[in-house]
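J.: Before we start, here is the structure in question, set down as structure tokens.
Every read-out reported here was derived from the displayed coordinates using simple, explicitly stated rules and does not represent laboratory data. Not measured: the values here are computed from a predicted model. A quick note on method: Cβ atoms are made from the backbone with ideal geometry, for glycine too, and the neighbour counts reach across all protein chains shown.
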Amino acid sequence: MPLRRYTKGRIAVKQWSLLSDPEVLAVRANCYAALERFPPPLADAGRRVLDRICSPNWTLEWYLPRWLGYAFGLQPEVSHALVLSNVFGLAYIRLQDDLMDGEVDQTSWKTTTLLASVFYHQAILLYTQFFDTKSPFWDYLEQFMAQWRRATLSSNEPPTTDFRSFEEEDFLRLAERGAPLKICCVGACLLAGREELIPTLTSAVDHLLVGAVLFDHARDWADDLAAGRYNTFVAYATSQPQVRHQREANRLSVLEEIYLGDAARPYFDLIRKHIRVAMEKARAVDCPDLNQYLLLFEGQVITYGERLADEARARLRAAAEQLLG
Amino acid sequence: MGRQDGRYRLVGRAMLDAEFRRWLLEDPKAAAESVDVTLTEEQVKSIQQVDPKRLEELVHEFQSLTGVKGAYPW
């Protein structure tokens with residue numbers, strides 16, 4: 001079964017434009033400069049990866065360290081370094097996804113593997129400027145990378161618990177492939193001398209990521225079903241196993257939920273519940289940009305759910321007219 | 001949505017369940033009653049007159065709903 005990629009459909013927010021934001025451009029320039037030190041095949045491939053991740057889907061990775069920097073009053077150059085490290089970390093994870101998805105052909109396998117280690121090294125190198133070996137930062141980093149490794153290793157496996165019986169911990173497990181995003185949160189808190197905020201902030205990010213994964217699955221359910229990837233939206237509609245011979249029945253179950261159930265409203269409410277928890281926790285951190293992002297995210301979920309219900313209603317009406325006159 | 005309107009419940013079922021669809025075409029009244037819907041004579045006639053090819057196209061179109069695009073308010 002192919003891997004489901006690390007939160008590939010993270011919400012895109014136009015108001016934070018990655019292509020014209022001077023700070024983002026400066027981070028990109030620094031990334032390119034860092035790559036210049038490596039042999040051309042690595043540097044060229046590295047630039048391509050950076051271009052790929054400079055996309056609205058990755059808004060949070062480019063902005064969250066900066067928002068936290070503003071909120072905590074960090075020096076701009078410190079925030080800049082946190083963004084840079086976050087972007088290198090994201091590049092590393094994207095390459096790992098490529099490798100594990102079998103999307104890297106034999107000829108570029110060596111370059112990709114080396115490049116991944118370059119990106120990881122660059123990310124860590126930036127943090128070593130700020131944190132000595134005894135800093136709790138490194139324990140957090142290991143904890144979040146361990147979460148990511150565990151989630152990535154098991155991403156071929158459907159959860160052992162039926163989605164309808166998911167407990168809090170099951171939902172939080174969905175967020176684990178995005179766990180590296182919490183590294184910059186810890187970095188910002190420690191640098192600001194606000195260590196006490198780490199549990200609240202990282203928990204807010206966990207819930208945000210749960211919401212993002214659930215929303216991703218709602219939008220990609222048909223592709224996931226066709227590709228044989230586990231999908232929570234499908235699991236919400238039917239408790240039947242997501243196996244090949246069940247694919248058609250599962251597809252019809254999802255359509256039944258959309259057309260004849262409640263247009264998956266409880267599923268979208270569940271996403272909103274996680275966003276709300278994230279908002280509540282983010283408020284305690286007093287980071288206005290993160291709150292605004294969460295508000296926009298919630299608005300996007302509401303709009304999507306409403307449009308899906310409207311579309312289903314319109315199609316039902318049209319079919320009724322054709323069939324019943 | 002379908003819960004509020006028996007007609008939509010009937011049509012939705014017909015669009016998603018091939019066996020039920022066949023039954024509806026063969027015996028509209030009985031099939032409709034199985035989902036607690038009473039059809040008028042006009043509706044029965046309308047079902048009986050439906051072109052099977054057109055119906056399959058309709059089913060295909062109906063089942064193609066996988067999501068909505070452009071749902072971003074900003």
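J.: Considering only A:LEU290, A:TYR236, A:GLN106, whose Cα is most displaced toward the positive end of the charge dipole of chain A, charges sitting on Cβ of Lys, Arg (+1) and Asp, Glu (-1)?
T.: Farthest towards the positive end: A:GLN106.
J.: Sticking with this one: Determine, for A:VAL78, A:VAL234, the number of other Cβ atoms within 10 Å of each Cβ, and report the residues in order from fewest to most.
T.: Ordered by Cβ neighbours within 10 Å, fewest first: A:VAL78, A:VAL234.
J.: Who wins for biggest fluctuation among A:ASP269, A:ASP206, A:ASP132 in a Gaussian network model of chain A, springs between alpha carbons below 10 Å?
T.: Maximum among the listed residues: A:ASP132.
J.: May I pose another question? Given springs between every Cα pair under 10 Å in a Gaussian network model of chain B, which of B:ARG21, B:ARG13, B:ARG54 has the largest fluctuation?
T.: B:ARG54
J.: Still on this structure, I have one more. Please list the radius of gyration and Dmax for chain B, considering alpha-carbon atoms only, with Å as the unit.
T.: Looking at chain B, its Cα Rg and Dmax stand at 14.4, 49 Å.
J.: So, one more: At a Förster radius of 45 Å, what calculated FRET efficiency corresponds to the Cβ-Cβ distance of B:THR40 and A:ARG307, to the nearest 0.05?
T.: The value I calculate is 0.85.
J.: Roughly how tilted is helix B:52-63, in degrees to the nearest 10 and between 0 and 90, from the longest Cα axis of chain B?
T.: That helix lies at roughly 40 degrees to the long axis.
J.: Using only Cα atoms, tell me the angle between helix A:288-324 and the longest principal axis of chain A; keep it within 0 to 90° and round to the nearest 10.
T.: The answer is roughly 20 degrees.
J.: Sticking with this one: To the nearest 20 debye, what charge dipole does region A:60-162 have about its Cα centre, counting +1 at the Cβ of each Lys and Arg and -1 at the Cβ of each Asp and Glu?
T.: 320 debye
J.: From zero outward in steps of 5 Å, how is the percent of C-alpha pairs of region A:144-198 spread across the bins?
T.: 4, 18, 20, 19, 15, 10, 8, 4, 1
J.: Would you calculate the volume per residue, in Å³, of the smallest convex hull containing every Cα atom of chain A?
T.: 147 Å³
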